[in-house]
Amino acid sequence: MAAPTNTLAGYITLEVPENYKLQWLKEVFEFTDTEMAYVLGVSVETLRKWQKDESDAQAKESVRFHRLLDLTQLAKGVIRPNRLGHWVHHENQALGRLIPLSLLADAAGYGMVSAVVEDLRTGITD
Amino acid sequence: MGFPCVSVKDRHFWRCLPKLYIQTILEAGPSFTQERRYSVRGEFGALYFSGSKDLCLKEIVSRSGEDSEVMACVEFEITLDRLVDLTRPEARTRLRVQLEDLIRPRTSKDAYVAPQAIARRIYAEGLQGLLAPSVHDAMGEKSGWFNLVVYPANLARAYIREVQIEEIAAPFR
């Protein structure tokens, strides 16, 4: 199985690769299989099956998959690519000390996380 | 009801953005497409400033920890004369709003309901903006730890006059 093209030797960019997007998301966010499956709302077995598909055909049917892709693009220029995994796994003061990862599985939670990134991007104060 | 207005003259305010996006520092567009504390999606946008650089940095740290890209902090000198000062208790009393209604954390249910209701009235009145308490220093104990919210559309109205409005229904011929 070929590795995503833009995560070589620990160097990560937020340019979405042509193929293996699911694998790339997992690496960018530093998700374990369990975390990734939780965020996508599927079993670990299903996740592993999806990951083997170069074209991400099944993952592309998932709204949650597209939300994760959107978050990487929102974070571009805002969160350092090699720190996005750290950021998503740690308490966030603006989110009431919730961990972004814990919010990403549903639309409302994703909205809160993406709003924090957007406000960083646009300088909107609280 | 008339609003109690204040002015600021040559006062310094700050905005911090990622360095990559610094050319957009005076764009209010993003706030027009999102629900935010003093701007309403699809109704009116705003530019949000901080009264101190330290408050700007506090906002960044609270959102990104140590994980953000390089940020650029721009210091502005601003003169405006038609602002509502919501940091003043007497202004809040007159507008019948409590301080705690203005500084609810963004994760709270209905966090933006009261601030947006006030913002709608101020915007509709054609005022230039408002001064608001910061969630990071609600009691205003630190110098400059408050926000300035400016409504660019109302600023533009001082220079742009609507001549007429004509309703046109399809088909457009």
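The values are calculated or read from the model by the stated rules, or taken from the named source; none is laboratory data. Remember, predicted model here, so these are calculated numbers, not experimental data. Neighbour counts run over all protein chains shown; Cβ positions are idealised from the backbone, glycine included.
Is there a residue being touching a residue at least 40 places away in the same chain (Cβ under 8 Å) and touching a Pro at 6+ places or on another chain (Cβ under 9 Å) anywhere in segment B:104-127? Within segment B:104-127 (the criterion being touching a residue at least 40 places away in the same chain (Cβ under 8 Å) and touching a Pro at 6+ places or on another chain (Cβ under 9 Å)), the answer is yes, since at least one residue qualifies. In segment B:120-131 there is at least one residue matching the filter, namely being under 21 Å from B:ALA28 (Cβ atoms) and basic (Lys, Arg).
Of the residues B:VAL61, B:VAL70, which single one is out of contact with any Lys or Arg (no Cβ under 8 Å at 6 or more places or on another chain) and either among the basic types (Lys, Arg) or within 18 Å of A:LEU84 (Cβ to Cβ) (or both)?
On the way: B:VAL70 fails: out of contact with any Lys or Arg (no Cβ under 8 Å at 6 or more places or on another chain).
Only one candidate passes the filter, namely B:VAL61.
B:GLU59 satisfies every condition listed in (1) under 17 Å from the mean Cα position of the chain (by Cα); (2) at pLDDT below 95; (3) not polar (S, T, N, Q) except (2).
Kindly indicate whether B:GLU141 is within 23 Å of B:TRP14 (Cα to Cα), without any contact (Cβ under 8 Å) to a residue 40 or more places away in the chain and not aliphatic (A, V, I, L, M). Spell out the reasoning first.
Numbers: within 23 Å of B:TRP14 (Cα to Cα): yes; without any contact (Cβ under 8 Å) to a residue 40 or more places away in the chain: yes; not aliphatic (A, V, I, L, M): yes.
Yes: the conditions hold for B:GLU141.
One residue is enough: does segment B:18-40 have a residue meeting the conditions basic (Lys, Arg), over 27 Å from A:LEU101 (Cβ atoms) and part of a loop (DSSP other than H, G, I, E, B)? Checked against the condition, which is being basic (Lys, Arg), over 27 Å from A:LEU101 (Cβ atoms) and part of a loop (DSSP other than H, G, I, E, B), segment B:18-40 yields no hits at all. Taken over segment B:49-61, the criterion of being at the interface with chain A (Cβ under 8 Å from one of its Cβ atoms), more than 19 Å from A:GLY77 (Cβ to Cβ) and not aliphatic (A, V, I, L, M) is satisfied by B:PHE49, B:SER50.
Within segment B:19-40, the set of residues being in contact (Cβ under 8 Å) with a residue 60 or more places away in the chain and surrounded by 24 or more Cβ atoms within 10 Å (Cβ to Cβ) comprises B:ARG36, B:ARG37, B:TYR38, B:SER39.
Within segment A:68-83, which residues are within 13 Å of B:GLU66 (Cβ to Cβ) and either of a type in the set (A, V, I, L, M, F, W, C) or within 8 Å of chain B (Cβ to nearest Cβ) (or both)? Break it down into steps so the answer makes sense when it comes.
First, the residues of segment A:68-83 that are within 13 Å of B:GLU66 (Cβ to Cβ): A:79-80, A:82-83.
Residues satisfying the conditions are A:ILE79, A:ARG80, A:ARG83.
Only one of the listed residues (A:GLU30, A:GLU61, A:GLU54) is touching a His at 6+ places or on another chain (Cβ under 9 Å), more than 7 Å from chain B (Cβ to nearest Cβ) and either surrounded by 16 or more Cβ atoms within 10 Å (Cβ to Cβ) or more than 25 Å from B:TYR21 (Cα to Cα) (or both). That residue is A:GLU30.
Being of a type in the set (A, V, I, L, M, F, W, C), buried (at least 23 other Cβ atoms within 10 Å of the Cβ) and either part of a helix (DSSP H, G or I) or facing another protein chain (nearest Cβ under 8 Å) (or both), is that true of even one residue in segment A:99-116? Give the derivation first.
Step one: list which residues in segment A:99-116 are of a type in the set (A, V, I, L, M, F, W, C), which gives A:99, A:101, A:103-105, A:107-108, A:112-113, A:115-116.
Restricting the remaining residues to those that are buried (at least 23 other Cβ atoms within 10 Å of the Cβ) gives A:104, A:113, A:116.
The next check asks that each one be either part of a helix (DSSP H, G or I) or facing another protein chain (nearest Cβ under 8 Å) (or both); those that pass are A:113, A:116.
Yes: one or more hits.
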